[in-house]
Amino acid sequence: MRKKDKSNKILIIYFIIIILIAGINGETKVEYGENLAIPIGVGYDLKIKSDNEPVYKIPISYYLFQINENITNKVKTGESISVLETRSKRQMKLDKKFFIGLEKVFLFNEEMAKDGIDNVIELIFNSTKMNEYAHIAVCKEKSSDILAHKIEGYVSSADYIEGILKSLKFGYFFEDEFKIIDIYTRMLSEGRTVLMPYIEMCEEDIVVTGLALFKNYKMIKKLNLQEVKILNILTSKNGNGELVLIDKFDRRISASALSNRKVKVSKVKDKYKFLININLDLTIENDQFGKGISTYNNSSEKVIKMFNELVEKNCKDFIHKMQDEYKIDLLELGRIAAAKYGRRTGVDWDEVVSDSEIDIKVNSKIVTTGKGNFKH
């Protein structure tokens, strides 16, 4: 971006903030941007002392505005035995007033996530000022370290993380963007599971490496990206991702795919049965099988069959692991069953789905094989 364009952008942001502040709660007094700290990233770290007393460290990454200067970023941390009291402790280190409501990301370190997120989520959501549409994630490292990490080309790592979380939908069949309001809704809804992106530092980069899985508001497991891909195929209605076939000669067919699932549920006495139909629209991106995919030699039908078998096997393996090891309704089948047979009946859907029969049917079709093929 040219220097002039960047300066114009900063000025626009600056004046928007002034207008927002002037209009909040009907106040007419204007507080200038250079007198404020604008939070954009909030972290929640937990440390257990030797006497088993919890200590909460809440870092906040914020913008600083100075006239005729670029926007800068700093991180300040409040520490206390109470999450709420960290606000006052942090303010004792600040020479400016926080203007709350423009937060972009909220991060829980793994220790905090395992201890429980319900109180913090409720605190955020019940606030009349904090941004419930901000993105949320769990991080392996301390959230203070993640928020303080410098990313080239970005004012703060919070801006970068927000971009990563917004862009999840372009791979691994993701649909959700994982915002505070989404997590809060899942916590209150019958038959739904709380999941959050799991990020960590890889060399000098911040990377999504899986999903944090929660039960009773506590993180119990991290799913790796391969597991996440299969989970998303099993749950998405409009998810995009990639699939790869590999034969015994290590030749590959790579395809981008659009996934759509539909679920049928039936009940005999107290036993539930689910049929998951997965439709895949395939675009062949690369074909190393030798002759290319052609309708003339029925190779397209063979490839479709191979993709069906591959996805079905991976889905069945994941479901068995879900039922036997995790014992959690990750597919949110209980939500579908409750809609058909009645809500608020006191059913433990994690237990029911773990003991239910779940069948998988995959139907693939090749939409296009690309512009051409060099194999003859």
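The values are calculated or read from the model by the stated rules, or taken from the named source; none is laboratory data. Because the structure is predicted, anything quoted here is derived from the model rather than measured. Quick reminder, even Gly has a Cβ in these numbers, built from the backbone with ideal geometry, and neighbours come from all protein chains shown. When the accessible area is computed, the model is the full protein with side chains, heavy atoms only, and any ligands, DNA or RNA have been set aside. Shrake-Rupley method; radii C 1.70, N 1.55, O 1.52, S 1.80 Å.
Summary of values
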| item | result |
| --- | --- |
| Residue ID - surrounded by the fewest Cβ atoms within 10 Å (Cβ to Cβ), chosen from residues in the stretch 171-181 that are of a type in the set (D, E, K, R) and in contact (Cβ under 8 Å) with a residue 40 or more places away in the chain | GLU175 |
| Residue check for ARG186: surrounded by 15 or more Cβ atoms within 10 Å (Cβ to Cβ), free of Cβ contacts under 8 Å to residues at least 24 places away in the same chain and not small (Gly, Ala, Ser) | yes |
| Test for LEU94: is it assigned to a strand (DSSP E or B) and open to solvent by less than 60 Å² (accessible area, probe 1.4 Å) | no |
| Residues located in the stretch 280-322, provided they are modelled with pLDDT of 95 or more, open to solvent by less than 20 Å² (accessible area, probe 1.4 Å) and farther than 17 Å from SER364 by Cα | PHE318, ILE319, MET322 |
| Residues of the stretch 130-157 that turn out to be touching a helix residue (DSSP H, G or I) at 6+ places or on another chain (Cβ under 8 Å), assigned to a loop (DSSP other than H, G, I, E, B) and of a type outside the set (A, V, I, L, M, F, W, C), as a count | 8 |
| Some residue of the stretch 152-161 being charged (D, E, K, R) and over 17 Å from ILE60 (Cα atoms) | yes |
| Test for ILE164: is it open to solvent by 10 Å² or more (accessible area, probe 1.4 Å), touching a residue at least 12 places away in the same chain (Cβ under 8 Å) and assigned to a helix (DSSP H, G or I) | yes |
| The stretch 232-254 residues that are of a type in the set (D, E, K, R), paired with ones that are buried (at least 17 other Cβ atoms within 10 Å of the Cβ) and in a helix (DSSP H, G or I) (beta carbon under 9 Å, 6 or more apart) | GLU242/LYS229 |
| Filter result for THR193 (open to solvent by 50 Å² or more (accessible area, probe 1.4 Å) and of a type in the set (Ser, Thr, Tyr)) | no |
| Sole exception among (1) more than 25 Å from LEU213 (Cβ to Cβ); (2) in contact with a strand residue (DSSP E or B) (Cβ under 8 Å, 6 or more places away or on another chain); (3) among the acidic types (Asp, Glu) for ASP95, by number | (2) |
| The stretch 240-273, residues that are touching a Ser or Thr at 6+ places or on another chain (Cβ under 6 Å) and closer than 23 Å to ARG335 by Cα | SER259, TYR272, LYS273 |
| Hits in the stretch 262-279 - residues which are within 24 Å of the chain's Cα centre (by Cα) and open to solvent by less than 30 Å² (accessible area, probe 1.4 Å) | ILE276, ILE278 |
| Residue among ALA148, ALA134 that is buried (at least 17 other Cβ atoms within 10 Å of the Cβ), under 15 Å from the mean Cα position of the chain (by Cα) and of a type in the set (A, V, I, L, M, F, W, C) | ALA134 |
| Failed criterion for LYS215 (all others in (1) among the charged types (D, E, K, R); (2) touching a helix residue (DSSP H, G or I) at 6+ places or on another chain (Cβ under 6 Å); (3) farther than 26 Å from VAL311 by Cβ hold) | (2) |
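So that you can scan it fast, the table gives a plain yes or no per residue for (1) modelled with pLDDT of 95 or more; (2) surrounded by 15 or more Cβ atoms within 10 Å (Cβ to Cβ); (3) not in a helix (DSSP H, G or I):
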position	(1), (2), (3)
THR209	yes, yes, yes
LEU223	yes, yes, yes
LEU231	yes, yes, no
LYS248	no, no, yes
ALA255	no, yes, yes
